[in-house]
């Protein structure tokens, strides 16, 4: 931009001294041909004035005009002369030329402005780019440095890794070596131990010999007396028979143990099989009736149908007992298959549920909430009705049982109840009869006792009568010896009485024979005697009473 | 719950008779027989030396007292106090002594395990069994007392001999594939014998009664192996506790592992109940225990304690064992099934304060009891699922599925319970300490 062309103005005339050079606006021109140089790159208006006046003077008007015309025509303007060779100026063309020149000047100025603007812009762009370039260069430097650093670290880590690997290998080698050392030492120790043990055994043998040889009298057992065997049996000799028996017993013990274990295992097995069967049934019941089944069947053809038949057979109860491999495998396989189907089914349901939650409803598979609720209500109503029915039926049944009815079934029922009752009654009758027997026995005993008592009393009455008679007689005959007599007779009498009592007792033993009724009326005569006798009777009665009491008790004991 | 007074004891030798009527205890060289209900002294026997071991015969008519230092075994009769029997092993020495199941033979193991002498109380016969194995559990009797299994070792190989106890006839003799047999145990049904190897090898072998090898089980190699085993009372399960802090359960049908029980130091499962024993401050009057015991006279110097339910996750006190020593205190050292086969109680030796109770029906951890001191011993009630625990202080702890309770024994002075022993009816427990013992009578309505 700084290269400006300097237009050297050609010499107009050799005569003119005012030859000048047209210089640029901005720069000083290079040394001119003429000495007279017009200066000032930016001519001010004044200088412009002088400038303008300097070009054309009054003397060189024609020359300057022709020069201008030449210039203009070379520039493409029309000539300013009126005619082609005239000296008169065409004013219009001059004005047009001037206008054109002005326009040109404006255009040039504008172009210049634009160029300057662009120049400025380009300058700023350049600055910007230079800055960017500088920054990028810096960044590049930085990243290069970083890369170098990272590479360095990577190298270090790799070397570390290698060293660690090396260490690991060394450790492993060491471990292996140590293990080898251990094993070799172990064998060495074993060998040494064995050697020492042999030596020790030899010492033991020697010691044993010494101990046995010494025949130490002290080694003995001193026992007061020998004790019997724990089980009371005598010791037996050891023979082949006993050996065989021992072996047998040992094998029996072992077999028992094995049998027990096998039983337990069989039981466990049976239970587990039952559980598996139940599971299978439940799984089958859980699975929905799939419409795709027949399709599958047709596809797989005979294989599946065979399996189905087999599974059907498996469901029979007697198959549980078999424990052969194939049956077991079939059972487990069928369960696995059905479990898989159930799993798929559950997964499908899960998907459906998730779809429902997300909002996509499938009319066929999903029941709407209201329908579901309606159904549950219906079901609940049904349940209620059924319950009520059951209750009423129970009530009716009870009523029927309570009241007599003409129905056959109720009769039968009644018969059953009657049978029960009858049996109960029979039982009670038996008891009653037993009790009756017991009571009769007791009654008989009582009557016997009463009879005996009666007999005793009669005997006693007789005695009393006799004694009274004696008394009376003794009283009437011997009055003097009455006391002695009475005492003696009392003793005697008593002894006699005793004798008579003895007799009466002996008589009592034969209840049937003695029935000679003594004088019952006599005892009422003497009050003493009565009191005496009554006291005796009283003393007797408890004795007499005791006996039936005793019998009662004994009877009671018997019945108990 | 009632406690009897303290009686003297030595050597933790206090045992109930199998018929449940008598209690035998030792004081130095004297043997004291008491009645179980009244604890009155019924009989007193004097032995020749300090008694190291006592055992009742199976019919409760005889009791043997073994004095290892003198090599003498004395047998006393309860029916006839005048009867005496003395077995002198003399220079052969005595290391162990036990009854045979019929209660009429005594098996003495001589020093250095030279031989086992079978002395008969019925006849004058003596039998010798050579080459018995010097291990922890070398003799095992079946529960019905018919057969005896004996571990032997000849020419650096292990053998098992099966004898018929009625006439001591050798039934079977077979070798085992063990390096160094550690123990043998019969299943309660008497048909399977479990044989396990030393702790350097995790190996357990199961033999049938007729000597056939039924199965072998190895869980892992190289690490320390089996520490303890227990059969379930129905012979259905075999629990194996090992040094890797796990219990493995084998089932009796396939003899394969059905589950593993781990014993981590932190319990995270929210379904596990963790009871933690906490000290109660003595000033608190209201005893807030889960099942408050009857009013006990508490002594001034001992503090009460109660159980609190800790919220899961709980981290238990973990004791790191010393790595250099042999027989480290790590792994499952104690293992016991309850008599109704529903629970299994275990103790992990590096968490010595906790008892782990597993539910066998669900095969899961049920309860953890965390105590303040290390567990000394625990034992299940022979009648019901009730566990009694002692930790070396003067309290006895009872757990049942309904809850757990901590009971202070109302004694003057120090009474540190080291061991306990249930009565066969489950009504009373004998609590043994170094110098004394007492009997605790439980009432039926109490802790159910």
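Just a yes or no: is a residue in segment A:344-356 farther than 30 Å from residue A:279 by Cβ, out of contact with any helix residue (DSSP H, G or I) (no Cβ under 7 Å at 6 or more places or on another chain), at pLDDT below 90 and loosely packed, with under 11 Cβ neighbours inside 10 Å?
Scanning segment A:344-356, I find no residue that is farther than 30 Å from residue A:279 by Cβ, out of contact with any helix residue (DSSP H, G or I) (no Cβ under 7 Å at 6 or more places or on another chain), at pLDDT below 90 and loosely packed, with under 11 Cβ neighbours inside 10 Å, so the answer is no.
Look at residue B:186 and say whether it is within 13 Å of another protein chain (Cβ to nearest Cβ) and either surrounded by fewer than 21 Cβ atoms within 10 Å (Cβ to Cβ) or touching a helix residue (DSSP H, G or I) at 6+ places or on another chain (Cβ under 6 Å) (or both).
Working: within 13 Å of another protein chain (Cβ to nearest Cβ): yes; either surrounded by fewer than 21 Cβ atoms within 10 Å (Cβ to Cβ) or touching a helix residue (DSSP H, G or I) at 6+ places or on another chain (Cβ under 6 Å) (or both): no.
When the stated conditions are applied, residue B:186 does not pass them.
When you go through B:396, B:368 one by one, which is the residue that is touching a residue at least 40 places away in the same chain (Cβ under 8 Å), assigned to a strand (DSSP E or B) and within 30 Å of residue B:55 (Cβ to Cβ)?
B:396
Limited to segment B:20-44, what total is found for residues that are surrounded by 20 or more Cβ atoms within 10 Å (Cβ to Cβ) and without any contact (Cβ under 8 Å) to a residue 40 or more places away in the chain?
Adding up the residues that qualify gives 3.
Select, from B:251, B:341, the only residue that is at positive phi and at pLDDT 85 or above. Steps first, answer last, please.
On the way: B:251 fails: at positive phi.
Only one candidate qualifies: B:341.
Quick one: is residue B:68 farther than 23 Å from residue B:423 by Cα and more than 9 Å from chain A (Cβ to nearest Cβ)?
Numbers: farther than 23 Å from residue B:423 by Cα: yes; more than 9 Å from chain A (Cβ to nearest Cβ): yes.
It is true that residue B:68 is farther than 23 Å from residue B:423 by Cα and more than 9 Å from chain A (Cβ to nearest Cβ).
Out of segment B:107-140, which residues are surrounded by fewer than 20 Cβ atoms within 10 Å (Cβ to Cβ), facing another protein chain (nearest Cβ under 8 Å) and in a loop (DSSP other than H, G, I, E, B)?
B:122, B:123, B:124
Taking segment B:88-104, which residues are modelled with pLDDT of 90 or more and within 10 Å of chain A (Cβ to nearest Cβ)?
If the condition is that a residue be modelled with pLDDT of 90 or more and within 10 Å of chain A (Cβ to nearest Cβ), then B:100, B:101 are the ones that fit.
Does residue A:190 satisfy being touching a strand residue (DSSP E or B) at 6+ places or on another chain (Cβ under 9 Å), within 30 Å of residue B:93 (Cα to Cα) and within 14 Å of chain B (Cβ to nearest Cβ)? Break it down stepwise before answering.
Numbers: touching a strand residue (DSSP E or B) at 6+ places or on another chain (Cβ under 9 Å): no; within 30 Å of residue B:93 (Cα to Cα): yes; within 14 Å of chain B (Cβ to nearest Cβ): yes.
No: the conditions fail for residue A:190.
Which residues, counting only those in segment B:150-181, are farther than 20 Å from residue B:114 by Cβ and either in contact (Cβ under 8 Å) with a residue 60 or more places away in the chain or crowded, with 17+ Cβ neighbours inside 10 Å (or both)?
Let us first name the residues in segment B:150-181 that are farther than 20 Å from residue B:114 by Cβ, namely B:162, B:164-167, B:169, B:171-172, B:174-179.
B:162, B:164, B:165, B:166, B:171, B:172, B:176, B:178, B:179 - these are the residues of segment B:150-181 that are farther than 20 Å from residue B:114 by Cβ and either in contact (Cβ under 8 Å) with a residue 60 or more places away in the chain or crowded, with 17+ Cβ neighbours inside 10 Å (or both).
Tally time: how many residues in segment B:189-230 are under 20 Å from the mean Cα position of the chain (by Cα) and facing chain A (nearest Cβ under 10 Å)?
Selection size over segment B:189-230: 2.
Of all the strands (runs of 3 or more DSSP E) wholly in segment B:49-89, which have at least 3 residues that are under 20 Å from the mean Cα position of the chain (by Cα)?
Counting at least 3 such residues, we get B:53-56, B:62-67.
Within segment A:227-246, can you find the residues that are at the interface with chain B (Cβ under 7 Å from one of its Cβ atoms) and at pLDDT 75 or above?
A:242, A:243, A:246
The values are calculated or read from the model by the stated rules, or taken from the named source; none is laboratory data. All values derive from a computational prediction rather than experimental measurement. A quick note on method: Cβ atoms are made from the backbone with ideal geometry, for glycine too, and the neighbour counts reach across all protein chains shown.
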